[in-house]
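Note sheet for the following structure.
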Amino acid sequence: MLSTTAAADGGTTAAARGAEIYLRGLALQDQDGRPVDLYRDLIAGRSVVIHTFFAGCGDSCPAMMATLRAVQERLGNRLGPEVRLVSITIDPVHDTPAALKAYARKLGAQPGWVFLTGSEQQVGEALRRLGLFVDDPGAHMDTMVAGNMRTGLWKKIHGTAAGARVVDLIMGVADDTGH
């Protein structure tokens, strides 16, 4: 992923411009059935944590979701305006907007934590561009991608590592400390 520091003049970094070019135009649906442009609606101007999951997963997804709940708690009122959590299903056939809404409610997800689905083609294209695509939902990656559009810092984080460490890494990206 792109990794650079903020431009000296405080303007948009090259990494932020690159992320916009690479990720814009990815149309998905949120848990309320609303159309979402991944870059424009969720990433632009913020920090973001993106990962894959599927609602029927009983393996690594529950641990990753517990970590994201801890991130949500630590972010407090920054969740949404400054930082977005983006969970993209790798099983769009079963994870409809209604199924994702029920899943989000069960997790206690607050506004600013968005669950996305779409057609198989839409989800596949988004995950390919993010480097998170797999053919088989059961083989999905336990990787989170954290990015800060103000600084251009992007990191891939192993989502099933020690929960406190993952939270610290995510917060480091969001807070611009990098660690």
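The values are calculated or read from the model by the stated rules, or taken from the named source; none is laboratory data. The structure displayed is predicted, hence computed values, not measured ones. Cβ coordinates were reconstructed from backbone atoms using ideal geometry, including for glycine residues, and neighbour counts include every protein chain displayed. Only protein heavy atoms, including side chains, enter the accessible area calculation; ligands, DNA and RNA are left aside. Shrake-Rupley method; radii C 1.70, N 1.55, O 1.52, S 1.80 Å.
Within the range 66-87, the residues that satisfy the criterion of being surrounded by 15 or more Cβ atoms within 10 Å (Cβ to Cβ) and either of a type in the set (S, T, N, Q) or closer than 23 Å to GLY118 by Cα (or both) are THR67, LEU68, GLN72, GLY80, VAL83, ARG84, LEU85, VAL86, SER87.
Screening the range 88-99 for residues that are touching a residue at least 24 places away in the same chain (Cβ under 8 Å) and not in a helix (DSSP H, G or I) and picking the one that is surrounded by the most Cβ atoms within 10 Å (Cβ to Cβ) gives THR89.
This table checks each residue for (1) at pLDDT 95 or above; (2) open to solvent by less than 20 Å² (accessible area, probe 1.4 Å); (3) not in a loop (DSSP other than H, G, I, E, B).
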residue: GLU20; (1), (2), (3): no, no, yes
residue: GLY33; (1), (2), (3): yes, no, no
residue: ARG40; (1), (2), (3): no, no, yes
residue: MET64; (1), (2), (3): no, yes, yes
